[in-house]
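Here's the structure, in structure tokens; my notes come after.
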Amino acid sequence: MSVPKVIIRPVDESARAQLVAQDIHPLMARLFAARGIGKKSGLDTSFAALLPFEHLSGCAQAANLLADAIANKERILIVADYDADGATACALGVSVLRLMGADIGYLVPNRFEHGYGLTLEIVDLAAAQSPRWIITVDNGIASVDGVARANELGVGVLVTDHHLPGDTLPQAACIVNPNQPGDTFPSKNLAGVGVMFYVLLALRTELRRRDWFAAHAEPNLADQLDLVALGTIADVVPLDANNRTLVTRGLERIRNGRCRPGVNALFRIAGRDPRHASSYDLGFVAGPRLNAAGRLTDMTIGIECLLSTNISRAEELAGQLDSLNRERRALEARMQTSAIDIVEKIDVNDRYALSLYDDSWHHGVVGILASRLRERFNRPVFAFAPSTDNEAKGSGRSIAGLHLRDALDVLTKRHPDLVLKFGGHAMAAGLSIRRENVDAFARAFDQVVRSLLKPEDLDQRIEVDGSLAADDFSLEVAEMLDAQVWGQGFVSPKFCDVFEVVDQRVVGGRHRKLQVRPDGKSPVLEAMRFGDDAKLPDRVECVYRLQVNAFRGVRSPQLVLDSWAPV
């Protein structure tokens, strides 16, 4: 096995030196400088560092409309998306609006029955509950027909979303989306739950102005940041300074035992200690369990878990989510096996992109499959599964250098009859096509990607932060790394060193547990290679992460080997 081409992330030495001079740990100073942080103030994650809601277009208007609706006791219905971002945004809105005295309910589309967004069918289902207002969370910016239908029925719509808009905006009463035309909010990277949080900040200010809280309890919105942190990390939005503040403050509440029962239950069911919560736990532990409900059944289970104020009920629902996640993993493994069988029949080196379809695939899991294939082949990937008798739904994942939604926009202009509908971000997108057009789409998508990428963009590369000094292989440093918020656009550090393999054995049937000694350095370290039981030679060059291993109450440093090559 060989490692991809290893590239050491460049470091601004003047920024590193300035951070060290400002009492930042030397290793952390190096990591921060390599991620564009030039001074200690760039690490400020206090509430004062949050961008003000006044800069987000539509926030003040939404606050006025909602304040009027609360005062007039008008029925409000949140229409959510069925992923973790949508679920956390929905739970956030329901929780806070309920505390503010609103007549509030929610409706979440079923992925398999209704599809995504504020569709005509969802509007009709919502209208049966007689709302005066619909609030969309994590969707709605592309729901032109759905909003028009709601308007016909006399139901006002407030769109809160973060996805990129199409050529036509819906005729909603109000739109709050940092990515809508003309918006000047400095952070375009808010997740859907972040947008909803900002709307609620504006609403609280408006209700204060109206002296509403003289007779009603005023909610502490900081209490809701566990939800904001979970949805932001799970949606893999870029962690700019504003998002890092939201996530840091949310993780702080989780670690301090101040999170809601549902979030706590998601940690506990996975055997993770909330007192040591990290962004990894949000993205790879709690997030997937929450997402499993929307992928396989109904996200109502996840939303109810987050809304529950009863610890026993939250734990029961978290158990259901954990079972669904186990089912999802088994399904994903089967789909990966069949996908590799398909790929082995083609010359990947002759492809700029991969588009795969199988009748047996589950369209709730194709996004994860696309992600795994993208990681393996370093190509943009769409994976499709049947959705109706004559349609297939696809989920795509991109690589650095290709804005996936923009690529789809180019494709639809070149082939206007090929794609039924699409939407998404730079790195992820979804679409629907007719089943008979699967092959035609694969050819067209590959042609578009060829026009947008260079051959070297497809080379397997991995960026690392150099090597670690002997003193850095410590529990103190591992805990420091775990405590920092990492994610999309502010990536978790990886390092590269040569190691002597002192001992190794297979554990859990498919993982390799090792003891390794850094080349020319003294400590013998515990290491794990997950999902690969292949025996390593005596000396290897490894790309690895330094993490905390918590086992039976004992915390120790551990290396997680991402890739290796013999030396």
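Taken together, the values in this text are just the output of simple stated rules run on the coordinates, not laboratory data. Note that the coordinates shown come from a computational prediction; the quantities given were computed from them, not determined experimentally. So basically every Cβ, Gly included, is an ideal-geometry build from the backbone, and we count neighbours across all protein chains shown.
Cross-link partners of K39 among aspartates and glutamates, defined as those whose alpha carbon lies under 18 angstrom from its own and excluding same-chain residues fewer than eight positions apart: D12, E13, D23, D240. For the listed peptides 252-258, 413-419, a ranking on the average number of other beta carbons within 10 Å per residue, highest first, reads 252-258, 413-419. For the pair Q22 and A333, label points projected 7 Å from Cα toward Cβ lie 4.7 nm apart.
Label point of I8 set 7 angstrom out along Cα-Cβ; within region 465-490, amide nitrogens under 16 Å from it belong to 465-470.
Highest average first, the peptides 211-224, 356-369 ordered by how many other beta carbon atoms sit within 10 Å of their residues are 356-369, 211-224. Sorted ascending by nearby beta carbons within 10 Å, beginning with the fewest, M28, M299 become M28, M299. Could you sort out which of K73/K421; K40/K521; K494/K521; K40/K454; K393/K413 sit more than 27 Å apart by Cα distance in this structure? From K73/K421; K40/K521; K494/K521; K40/K454; K393/K413, over 27 Å: K73/K421; K40/K521; K40/K454.
Of the residues M480, M196, M100, the one with the fewest other Cβ atoms within 10 Å heads the list, and the complete ranking is M480, M100, M196. As a calculated quantity, the FRET efficiency between D503 and R275 at R0 = 30 Å, using C-beta atoms, amounts to about 0.45. Could you tell me how far the Cα centroid of region 1-77 sits from the Cα centroid of region 453-492, in Å? Computed from Cα coordinates, the inter-centre distance equals 18 Å.
The DSSP beta bridges internal to the chain are antiparallel in roughly 65% of cases.
Rounded to the nearest 0.05, the FRET efficiency derived from the C-beta distance between K535 and S323 at R0 = 35 Å is 0.55. For K421 and R313, the FRET efficiency from 1/(1 + (r/R0)^6), where r spans their Cβ atoms and R0 equals 35 Å, is about 0.40.
Electrostatic bookkeeping for S57 treats Lys and Arg as +1 and Asp and Glu as -1; over the other residues with beta carbon under 13 Å from its beta carbon, the sum is -2.
Residues Y280, Y116, arranged from fewest to most other Cβ atoms within 10 angstrom of their Cβ, appear as Y280, Y116. Extension gain for A483 to A400 (0.36 nm times residue separation, less C-alpha to C-alpha distance): 27.2 nm. Please identify which residues in region 309-326 have an amide N closer than 20 Å to a label point set 7 Å out from the Cα of L125, following the Cα→Cβ vector. Answer for region 309-326: 321.
For region 392-504, a simple Cβ point-charge model (Lys and Arg +1, Asp and Glu -1, everything else neutral) yields a dipole of about 1400 debye relative to the Cα centre. Separation of region 88-110 and region 264-320 by C-alpha centroid, Å? Using only Cα atoms to place each centre, the spacing works out to 18 Å.
Taking region 65-100 and a reference point 7 angstrom along Cα→Cβ of A215, the backbone N atoms nearer than 12 Å belong to 71-73.
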